[in-house]
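Everything on this sheet refers to the single structure shown next.
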């Protein structure tokens, strides 16, 4: 089994970076002799544009690949409920990877192929630290009834406008409890919180200093919105581990996988895949990491990558 290089658990996903034109890295091109059989696709910042729409060119390129027998798998930090409609729009009859690899679930049947929640004792150690930084933690229980998939306690930060909008949009699956720590008697799929960077970054640093190795910490930043989000999942979960699991079940080698992503939470997946493509809207550090670079998500960069490596 191939080895996955594990990065420090804080992974920053940034939005709003400068665009970059396609730059295909030809170093080692002659070594890839196996045809692509699986395309691993991130959603936000990769498959969809800034309005969360799938450009038609992306749909056409992926459909052409699927018609040629290539499987397409969505690999995202989204929840299953918000990722499954994207799979349906693309006509995917396959499992999708959600919660950054903590859950693999079939897009149509809902059948669970893999679920690795955050250990309860780790979640119990993380929660008080989030609250101590005056942030509101949300516990995701991906396999609970629809009305109980996002657990939330009393508001700690009454001025967190993002959280209130998030709760309003997802009111149908929010389960309010008087004391989240006391109510959390089962391991959650994921913990998350969000807010202004000035408050989130000290929490990030504290978690890494005190709990490194006991969790995987993913950071997503939107500088133009003044928001930063932290996702905490099981330390063995990542997009790479999920893709490795799906490939093994299909008897595929990593050389037969094309991975396309735009942020640092995609990095393990990009390193695992035999062919890795970074979006032109990715952070500069990622675009300079030696991967192929395609166009931006606003200009259907995914379609150009699929056409380049699959045909």
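Note on region 83-100: residues that are surrounded by 15 or more Cβ atoms within 10 Å (Cβ to Cβ) and within 19 Å of residue 147 (Cα to Cα) amount to 4.
Would a scan of region 115-130 turn up a residue that is in contact with a strand residue (DSSP E or B) (Cβ under 9 Å, 6 or more places away or on another chain) and under 28 Å from residue 256 (Cα atoms)? The answer is yes, given that some residue of region 115-130 is in contact with a strand residue (DSSP E or B) (Cβ under 9 Å, 6 or more places away or on another chain) and under 28 Å from residue 256 (Cα atoms). Residues that are buried (at least 24 other Cβ atoms within 10 Å of the Cβ) and more than 19 Å from the chain's Cα centre (by Cα) number at least 2 in the following helices (runs of 4 or more DSSP H) confined to region 195-311: 301-309.
With respect to being more than 29 Å from residue 106 (Cβ to Cβ) and touching a residue at least 60 places away in the same chain (Cβ under 8 Å), residue 306 falls outside the description.
Results for (1) at pLDDT 95 or above; (2) in contact with a helix residue (DSSP H, G or I) (Cβ under 6 Å, 6 or more places away or on another chain), shown as yes or no for each residue.
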| site | (1), (2) |
| --- | --- |
| 242 | yes, yes |
| 246 | yes, no |
| 256 | yes, no |
| 264 | no, no |
| 272 | yes, yes |
| 276 | yes, yes |
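Residues in region 149-180 that are under 23 Å from the mean Cα position of the chain (by Cα), in a loop (DSSP other than H, G, I, E, B) and in contact (Cβ under 8 Å) with a residue 24 or more places away in the chain: 149 only. Scanning region 97-120 for residues that are more than 15 Å from residue 182 (Cβ to Cβ) and either in contact with a helix residue (DSSP H, G or I) (Cβ under 7 Å, 6 or more places away or on another chain) or in a helix (DSSP H, G or I) (or both) gives 97, 98, 99, 100, 101, 103, 104, 105, 107, 114.
For the condition crowded, with 20+ Cβ neighbours inside 10 Å, under 20 Å from the mean Cα position of the chain (by Cα), at pLDDT 95 or above and not assigned by TED's automatic domain parsing to the domain that holds residue 40, residue 137 qualifies.
The values are calculated or read from the model by the stated rules, or taken from the named source; none is laboratory data. It should be emphasised that the depicted structure is a prediction, and the values quoted were computed from it without experimental measurement. Glycine gets a Cβ as well: all are built from the backbone with ideal geometry, and neighbour counts include every protein chain shown.
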